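Reviewing the structure listed below.
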Amino acid sequence: MDHIIGQPAPLNTGTASGPQAEGPLIADGTEATFMQDVIEASRSVPVLVDFWADWCGPCKQLTPVLEKVVTAARGKVRLVKIDIEANRALAAQLTQIGLPLQSIPMVAAFWKGQILDLFQGALPESDIKKFVEAALKAAGGGTMPATELLQEAAVAMETNQPGHAAELFSGVLGEEPENPKAWAGLIRAMLALDDEEAAAAALADVPEKIKDSPEVAGARAALELKQEGRKAAQEMEEVQARLAANPNDYAARCELATGLNVAGKHEEAADELLQVIRADQNWNDGAAKQQLLRFFEAWGHDAPATLAARRRLSSLLFS
């Protein structure tokens, strides 16, 4: 939405007296403070306005979540709470310019005296974060601090700095203890540091609510495969000797794939399993295919090795 605050006359912004650099992150607003707390403050940072009333049950559910998200933003966005019953004249004026205050809770994001966007109803925390991210992006303010830390951590993992990545993932969890990407990242960072005990401890600490999220499931698979692969890696010479004696020893080929995976040789690991599938898709109740699918989950479904092996698997299964 792109409403400009300026009509009716009592809400006319006129000429700005300058951005409000100081002010609380969360405040209770009134008709008397609306211009300063919302319109003027929004010239510096996006301001969320939470319109609520004491009789509104969903409002009482939404407001604490808003406060949590705004606090986590560390000053990149502010929150002003307006009780529409205690500020009926203000609510009437805002309704005249198109804000649907007949149905609350309603939250509007202001920037430079304009309404960037709004939503109604008690949304879940994940949706509120997306709303704030969109407001920050529209205002040129980047992203939420947790998002920035996750991006930095991903770069650290890609550049072989798992220790630094672990610190960043832990930083995110300090702000958002139910962030599945941060938990998964921390577990994978511990695995990259060859600290399986710490990875297992982190996995055990994942909140119940997100234990089955795709991110955590992938990290769990990576841990399990590494644990299984340690033995396979130790017995690599024996396994290779078995294959030299009998190329159709599919059990040995699967063990070799597990060892290769632990060594980080994902393409080679997939190739061993694909050889088994090509020869006999149903061997050992489809064990090779199941192992390959576990690899995909552990590597990440968008990983280059996963994408390449999945194409080859599809060709084998559906050709």
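The values are calculated or read from the model by the stated rules, or taken from the named source; none is laboratory data. Quantities reported herein were computed from a predicted structural model and do not represent experimental measurements. Virtual Cβ from ideal backbone geometry, glycine too; neighbours counted across all protein chains shown. For accessibility, only protein heavy atoms count, side chains too; no ligands or nucleic acids. Shrake-Rupley method; radii C 1.70, N 1.55, O 1.52, S 1.80 Å.
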Using every alpha carbon pair in region 264-319, what percent of pairs falls into each 10 Å bin from 0 up to the bin containing the largest distance?
-> 26, 59, 15
Lys, Arg +1 and Asp, Glu -1 on Cβ, resulting dipole of region 32-73 about Cα centre, debye, nearest 20 = 120
Cα point-scatterer Debye curve for the chain, base-10 log of I(q)/I(0) at q = 0.09, 0.11 Å⁻¹ = -0.63, -0.78
Per-residue HN-Hα couplings for region 193-199 [Karplus 6.51, -1.76, 1.60; θ = phi - 60°; Hz; x = Gly/Pro] | 8, 6, 10, 5, 5, 5, 5
Compute the convex hull volume of the Cα atoms of region 194-319, divide it by the residue count, and report the result per residue in Å³ as a whole number.
-> 108
Just order 88-96, 273-281 by mean Cβ neighbour count inside 10 Å, highest at the front, would you?
-> 273-281, 88-96
Work out, step by step, the length gained on full extension between ALA287 and ALA86: first 0.36 nm times the residue separation, then minus their alpha carbon distance; give nm to one decimal.
-> 65.7 nm
Listed residues GLN240, GLY98, VAL172: farthest to the positive end of the dipole of the chain (Cβ charges) | GLY98
Cysteines in the chain that, by Cβ-Cβ distance, have no pairing candidate under 4.7 Å = CYS254
In region 106-209, taking the dipole from +1 charges on Lys and Arg beta carbons and -1 charges on Asp and Glu beta carbons about the Cα centre, the listed residue (ALA156, ILE115, ALA189) farthest towards the positive end is ILE115
Residue-averaged 222 nm ellipticity for the chain, from DSSP H runs of 4+ at -39500 (n - 2.57), nearest 500 | -17500 deg cm²/dmol
Charges only on Cβ, +1 for Lys and Arg, -1 for Asp and Glu: so what's the dipole of the chain about the Cα centre, in debye to the nearest 20?
-> 740
Specify the angular offset, from 0 to 90 degrees and rounded to the nearest 10, of the alpha carbon long axis of helix 180-192 from the longest principal axis of the alpha carbons in the chain.
-> 40
Ordering HIS266, HIS301 by how much accessible area each has at a 1.4 Å probe, largest first, what is the list?
-> HIS301, HIS266
At a Förster distance of 35 Å, what's the computed FRET efficiency of GLN61 paired with HIS164, Cβ-Cβ distance as r, to 0.05?
-> 0.40
Lys and Arg at +1, Asp and Glu at -1: neighbours of ALA89 with Cβ under 14 Å from its Cβ sum to -2
